[in-house]
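> A single structure is presented below for examination.
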Amino acid sequence: MSSKPFRSPDSVKAVLGRSTPTLTRVSEQATRQTFWKQCSRQHLPSELTPRLSGVVERDDTMVIFTESAAWSARLRYVMQGTAAPDQTGTAHNQQVSVRVMPKA
């Protein structure tokens, strides 16, 4: 019998991350989207947050999706003159784009 030292098992996420970089990227994007949704709940009026269908980062632009054109217009009005928060939750001059994407 050999006496190999006990090694704790890797998580499924770690194993898949090593074997498939695409899954790692998708997982990171999902984590960032969750962060932005929570951040939007803190910085936007409560009647707007249920109307958001997604928030994503694209290069230096934060894209906020709303469920309809009417809610998109209301969000643009609220966002006017407001700086976008960064990953730490503090405001900086990131561009913000508001788009329509109906909820599924």
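> Give me the net charge of PRO50's neighbourhood, meaning all other residues with Cβ under 15 Å from the Cβ of PRO50; Lys, Arg count +1, Asp, Glu -1.
+3
> Could you check the simple spin-label distance between PHE6 and SER27, using points 7 Å along Cα→Cβ, in nm with one decimal?
Spacing of the two 7 Å Cα→Cβ label points: 2.5 nm.
> Loop-only check: which trypsin sites (Lys or Arg not before Pro) in the range 1-71 are DSSP coil with at most 15 other Cβ within 10 angstrom?
Passing sites in the range 1-71 are ARG7.
> Let me ask something additional. What is the local net charge at GLN33, summed over the other residues whose Cβ is closer than 14 Å to its Cβ (Lys, Arg +1; Asp, Glu -1)?
Local charge sum for GLN33: +3.
> Taking the Cβ-Cβ separation of VAL63 and VAL15 as r and a Förster radius of 35 Å, what is the calculated FRET efficiency to the nearest 0.05?
Taking R0 as 35 Å, the efficiency between VAL63 and VAL15 is 0.65.
> Residues with amide H under 5 Å of VAL96's amide H, sequence separation 5 or more or different chain, H placed in the peptide plane at 1.01 Å from N; which?
HN-HN under 5 Å from VAL96: MET62.
> In the range 1-79, what GluC sites (Glu not before Pro) fall in a loop by DSSP, with at most 10 other Cβ atoms inside 10 Å? Could you put the intermediate results ahead of the total?
On the way: sites: GLU28, GLU47, GLU57, GLU67; in loops: GLU47, GLU67.
Filter output for the range 1-79: GLU47.
> Under a crude label model (7 Å from the Cα following the beta-carbon direction), how far is SER97 from THR34 in nanometres?
It is 2.6 nm.
> Here is a follow-up. Modelled label-to-label distance, TYR77 and HIS43, 7 Å Cα→beta-carbon offset: nm?
Between TYR77 and HIS43, the simple spin-label model gives 2.1 nm.
Quick note: the coordinates plus some simple rules give every number you see, no bench work behind them. Note that the structure is predicted; figures quoted are calculated from it, not measured. Methodologically, a virtual Cβ is constructed for each residue, glycine included, from the backbone with ideal geometry; neighbour enumeration extends over all protein chains shown.
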